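Peer 1: Below are the structure tokens for one structure; questions will follow.
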Amino acid sequence: MYEDLSLYIDGEFVKGGGRKEQDVYDPATGDVIGLLPHATKEDLDRALAAAERAFEKWRTSSPMERSKVLRRVGELTRERAKQIGHNITLDQGKPLAESVGEVARCADHCDWHAEECRRIYGRVIPPRQPNVRQMVLREPVGVCAAFTPWNFPYNQAIRKIAAAVGAGCTIIIKGPEDTPSAVVAIARMFHEAGLPPGVLNVVWGVPAEVSNHLIRSPIVRKVSFTGSVPVGKQLAALAGQHMKRVTMELGGHSPAVVCEDADVERAADMLSGLKFANAGQVCVSPNRFYVHEKVYDRFVARFVDKTKKIKVGSGLLPETNMGPLAHERRLPAMAEFVEDARGRGAEIVLGGSRIGNRGYFFEPTVITGVPDDSKVMTLEPFGPIAPCVPYKDLGEAIKRANSLPYGLSSYAFTTSSKNALALQNGLQAGIVNINHFGQALPETPFGGIRDSGIGSEGGSETFDGYLTTKFVTQMD
Ligand code: NAD
């Protein structure tokens, strides 16, 4: 049974003005599994009015009250992880264990925000005169508009909602129309947890129309987007015109550097596991593999070996390690990366094609000998394609790793502390992982630099995007 899809406005689950509905597909079969109602302009205006009204009370609510709601949603998330995960596999395609794991881990995001929202402190600054008091207060920024993508439909949405709700903001979220079940399930849990009407609102529609309407509205004071770099730039520009604060979690093209002294087999196994998780549709997926020439052949052989063992199929089958791509438009995108590389003399050492003609399956693909200016080395593939290239010295590898305008995540494998230090200092990215993938926890920062975005949704930085600073000075 798939989720009953609806809008959530002012504390009510509604089907909207009812003019438009969109089919939701199972990417493993291409079959229609649900109908998603779109919001009319009137529905969006109702959501805006509800969020504005609710903000008047929620902004001064006790952090204990916010904490209680978030904790309850954490409990419900644990209880319902299997059902919600099942629906994510139906509309997004990832293997059931990955879907259920995504939801279950997000309970931790609820707990963490429930704790941290009680510690949103201001400060007192010593005055220059004895009869003066100087204080810094942190206040919720106001009504937020959030736009979340289809690759981690639960995770991306709960991060934004938990931070906004915890900070005392109200929020209108447009989730991913391709994979809507998770966001509707989240709204149900907040509803049952007693969140006052209007604090959280969920809308659906044509993405550009919804974002344009919400961002231009004077009611909205903050915009948070997770998605592609070009769309992020458009939304940030629009928000800038209206002087609205933004958090932008955009794409990357994460490099992975494997040094001569690395544990090569471990690096190959770990990187293959990470690369093909969620069929490569991960903003922090390792995408360009720079391997020292002395260990290059060994690395590629092991990487291919490990990758060959990946079982591709319906995410509902227990033996599946990699599901289909999340929607049909990713298939021609993958073919284009492969053809461009082939045309430039690269060798497709594994995969390279669509699997069958039912569902959106694509082979785990490994490419070698691909030039640095090819499409797959310069544009985010956002799919199961791994290009590997050799390098001679570490300085050169770091330079090539930094040669794109992005800077989200980066990976490196080395056993030398000298190399580790050079990599920590040299790699230009918001996240640097050395011999380890330790990212996306609620307590650690998550965000990119350069074209990969602005701000962090994770760690103690998380509330910064949802709070304003008020300086109060008073004389007796
Ligand atoms: P896309 O750019 O069309 O859409 C990406 C997401 O942004 C979708 O959820 C979409 O609904 C939303 N979106 C698109 N235009 C919008 C607008 N004007 N206003 C508000 N939301 C809008 O790309 P796609 O084909 O769906 O996905 C492929 C690309 O998206 C990838 O290459 C990847 O870079 C990027 N992406 C990134 C992330 C991430 O976590 N950073 C997640 C999903 C997709």
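Peer 1: Please return the longest range in the chain lying between exposed loop sites, taking GluC sites (Glu not before Pro), DSSP loop only, at most 12 other beta-carbon atoms within 10 Å, and leaving the sites out.
Peer 2: Working: sites that count: GLU293, GLU319.
By the stated rule (loop sites, at most 12 other Cβ atoms within 10 Å), 1-292.
Peer 1: Using only the Cα atoms of the chain, build the gyration tensor, take square roots of its eigenvalues as a ≥ b ≥ c, and label the shape rounded, prolate or oblate: rounded if a/c is under 1.5, else prolate if a/b is larger than b/c, else oblate. Working shown, then result.
Peer 2: Values: a/c = 2.04, a/b = 1.36, b/c = 1.51.
In terms of gyration-tensor shape, oblate.
Peer 1: Same structure again: With +1 on each Lys and Arg Cβ and -1 on each Asp and Glu Cβ, how big is the dipole of region 34-179 about its Cα centre, in debye rounded to the nearest 20?
Peer 2: On the way: 23 positive and 18 negative charges, 160 e Å.
In total the dipole reaches around 760 debye.
Peer 1: Oh, and also: Can you give me the distance in nm between label points at ASN131 and SER460, each placed 7 Å from the Cα along the Cα-to-Cβ direction?
Peer 2: According to this spin-label approximation, the distance is 3.7 nm.
Peer 1: Report ³J(HN,Hα) in whole Hz for each residue of region 20-32, in order, from the Karplus equation J = 6.51 cos²θ - 1.76 cosθ + 1.60 where θ = phi - 60°; Gly and Pro get x.
Peer 2: 10, 9, 10, 6, 10, 10, 8, x, 7, 10, x, 7, 6
Peer 1: Can you compute the label reach from ALA49? Point 7 Å from Cα along the Cβ direction, backbone N cut-off under 18 Å, restricted to region 141-160.
Peer 2: The answer is 143, whose backbone nitrogens lie closer than 18 Å to the label point.
Peer 1: I've got another one for you. How much net charge surrounds ILE367 when only the other residues with a Cβ under 9 Å from the Cβ of ILE367 are counted, with Lys and Arg +1 and Asp and Glu -1?
Peer 2: For residues surrounding ILE367, the net value is 0.
Peer 1: Continuing with this model, one more query. For ARG123 and MET1 in one chain, what is 0.36 nm times their gap in residues minus the Cα-Cα distance, to one decimal in nm?
Peer 2: This chain segment gains 38.8 nm when fully extended.
Peer 1: Full extension from GLU347 to GLU328: what is 0.36 nm times the residue separation minus their Cα-Cα distance, to one decimal in nm?
Peer 2: Between GLU347 and GLU328, full extension yields 4.3 nm more.
Peer 1: OK, next. Mind listing the long-range amide H neighbours of GLY142? Cut-off is under 5 Å, sequence gap 5 or more, other chains count too, H placed in the peptide plane at 1.01 Å from N.
Peer 2: So GLY142 has HN proximity to THR170.
Peer 1: Still on this structure, please answer the following. Using alpha carbons only, how many angstrom separate the centre of region 319-349 from the centre of region 199-242?
Peer 2: 31
Peer 1: Which of ASP393, ASP26 comes first, and how do the rest follow, when ranked by fewest Cβ neighbours within 10 Å?
Peer 2: ASP393, ASP26
Peer 1: Note down the relative contact order for region 356-449 as a percent, whole number, built from C-alpha pairs under 8 angstrom at least six residues apart.
Peer 2: 22
Peer 1: Could I ask something else about it? Normalised by the number of residues in the chain, what is the relative contact order in percent for Cα pairs under 8 Å and 6+ residues apart?
Peer 2: Value for the chain: 18 percent.
Peer 1: So if I place +1 on the C-beta of Lys and Arg and -1 on the C-beta of Asp and Glu, and nothing else carries charge, what would the dipole magnitude of region 305-373 be about its Cα centre? I want it in debye, nearest 20. Could the numbers behind the result be given before it?
Peer 2: Values: 10 positive and 10 negative charges, 71 e Å.
That gives region 305-373 a dipole magnitude of about 340 debye.
Peer 1: Same structure, new question: Starting from the Cα of LYS311, step 7 Å toward the Cβ, then list every residue of region 239-274 with an amide N under 19 Å from that point.
Peer 2: 273-274
Peer 1: While we're on this one: Using Cβ contacts closer than 10 Å as the measure, can you line up LYS244, LYS41, LYS94 from fewest to most?
Peer 2: LYS41, LYS244, LYS94
Peer 1: Moving on to the next point. How far apart, in nm, are two points set 7 Å out from the Cα along the Cα-to-Cβ line at ASP263 and at GLU56?
Peer 2: 6.1
Peer 1: Treating the beta-carbon of each Lys and Arg as +1 and of each Asp and Glu as -1, no other charges, what is the dipole magnitude of the chain about its Cα centre, to the nearest 20 debye?
Peer 2: Values: 56 positive and 55 negative charges, 221 e Å.
Result for the chain is approximately 1060 debye, rounded to the nearest 20.
Peer 1: Here is a follow-up. Pairs of Cα atoms under 8 Å, at least six residues apart: use those to get the relative contact order of region 126-244, whole percent.
Peer 2: Computed over region 126-244, the figure is 30 percent.
Peer 1: Per-residue ellipticity at 222 nm for the chain, helices alone: DSSP H runs ≥ 4 residues times -39500 (n - 2.57), over residue total, nearest 500 deg cm²/dmol?
Peer 2: Computed mean residue ellipticity for the chain: -12000 deg cm²/dmol.
Peer 1: In whole Å, what is the distance between the alpha-carbon centres of region 21-93 and region 114-170?
Peer 2: 21
Peer 1: Skipping prolines and chain starts, which residues have an amide H placed within reach, meaning under 5 Å, of the one on LEU5, given they are 5 or more residues away or on another chain?
Peer 2: LEU35
Peer 1: In a shell of Cβ-Cβ distance under 14 Å around ALA114, excluding ALA114 itself, what net charge do Lys and Arg (+1) and Asp and Glu (-1) give?
Peer 2: Details: positive: ARG66, LYS68, ARG71, ARG72, ARG78, ARG118, ARG119, ARG159; negative: GLU65, GLU75, ASP108, ASP111, GLU115, GLU116, GLU443.
Taking every other residue near ALA114 into account, the sum is +1.
Peer 1: I would also like to ask the following. For the residue pair GLN234 and LYS15, what label-to-label distance in nm results when each label sits 7 Å from Cα along the Cα-to-beta-carbon direction?
Peer 2: Each label point is offset 7 Å from its Cα along the Cβ direction, giving 3.0 nm.
Peer 1: Quick one: length gained pulling ILE355 to HIS436 fully straight, 0.36 nm per residue minus the C-alpha distance? Walk me through the intermediate numbers first.
Peer 2: Values: separation 81, 0.36 × 81 = 29.16 nm, distance 3.17 nm.
Contour length minus the Cα-Cα distance gives 26.0 nm.
Where a number appears in this text, it was derived from the coordinates with a stated rule and is not lab data. These numbers were taken from a predicted model, which means no experiment stands behind them. Glycine gets a Cβ as well: all are built from the backbone with ideal geometry, and neighbour counts include every protein chain shown.
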